[in-house]
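Participant: Before anything else, here's the structure in question.
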Amino acid sequence: VQLQASGGGLVQAGGSLRLSCAASGRTFSDYGMGWFRQAPGKEREFVSAISSSGGSTVHADSVKGRFIISRENAKNTVYLQMNSLKLEDTAVYYCAARRFGVRTSVISSQYDYWGQGTLVTVSS
C-alpha cells in the first residue's frame, strides 16, 4: 500500500484544516487507517484511527471533540477534519494503514504502511 498525505499548511489558531490520505496498491477497504503526528523535539503520537469499514473511530483525548476522522472506501481516501486548531497541534501529520483493520488501533507499531507526512503549522 502506498499512502500520500496532503492538506497541511499554515492556519491561525481557532481555524480549520482537512487532511487527506490517498491509498493505492491494495484493497483499501481491508485496511484500518490512522493518523499520527510528531511535533519538533517530541515523540510521534497517536491522533485518530478508523476501522476498515468506517464503523468505529477513536481519537486521542487531546483532539477529542475537535478532530474527526472519516473515510471513503470508494475513493481509497481517509480524511482528518481538524477544527478549533491550537498552537500545540503544530506537527507533521502522518497517515498509516494496518492489515486486518476490523478494529481500530492507537499503537503505531501495529501499522504496516506509512505515508510521507504533511506539515501543519498553527500560528497565534
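Participant: With a 1.4 Å probe and all protein chains left in place, how much accessible area per residue does the range 31-124 have, in Å²?
Facilitator: Normalised by residue count, the accessible surface of the range 31-124 is 50 Å².
Participant: With the full set of protein chains in place, find how many percent of the accessible area of the chain is carbon and sulfur; take the probe as 1.4 Å.
Facilitator: Using a 1.4 Å probe with all protein chains present, the chain comes out at 47 percent carbon and sulfur.
Participant: Explain nothing, just compute: Karplus ³J(HN,Hα) = 6.51 cos²θ - 1.76 cosθ + 1.60, θ = phi - 60°, for every residue of the range 112-124 in order, whole Hz, x for Gly and Pro.
Facilitator: With coefficients 6.51, -1.76 and 1.60, one gets 9, 9, 10, x, 7, x, 9, 8, 10, 10, 9, 10, 8 Hz.
Participant: Straight-line reach from Lys64: which lysines have Cα under 23 Å away, leaving out those fewer than 8 places along the same chain?
Facilitator: Filter leaves Lys42, Lys86.
Participant: Run the 1.4 Å probe and let me know the accessible area of Tyr31, rounded to the nearest 10 Å².
Facilitator: Counting only protein heavy atoms, the figure is 20 Å².
Participant: Residues in the range 96-124, backbone N under 15 Å from the label point at Ala13 (7 Å along the Cα-to-beta-carbon vector): list them, ranges by number please.
Facilitator: So the set is 121-124.
Participant: Another one. Which whole-Hz ³J(HN,Hα) couplings does the range 84-97 yield from phi under the Karplus relation 6.51 cos²θ - 1.76 cosθ + 1.60, θ = phi - 60°, glycine and proline marked x?
Facilitator: Taking θ as phi minus 60°, the curve returns 6, 5, 10, 4, 6, 7, 4, 4, 8, 9, 10, 9, 8, 10 Hz for the range 84-97.
Participant: Got a sec to turn the phi values of the range 40-54 into Karplus ³J(HN,Hα) couplings, 6.51 cos²θ - 1.76 cosθ + 1.60 with θ = phi - 60°, whole Hz, x for Gly and Pro?
Facilitator: Taking θ as phi minus 60°, the curve returns x, x, 10, 6, 5, 9, 6, 10, 8, 8, 9, 6, 4, 7, x Hz for the range 40-54.
The values are calculated or read from the model by the stated rules, or taken from the named source; none is laboratory data. All figures in this text were calculated on a predicted structure; none of them were measured in a lab. Note: ideal-geometry Cβ built from the backbone for every residue, glycine included; neighbour counts use all protein chains shown. What goes into the accessible areas is simple: the full protein's heavy atoms, side chains included, and nothing from ligands, DNA or RNA. Shrake-Rupley method; radii C 1.70, N 1.55, O 1.52, S 1.80 Å.
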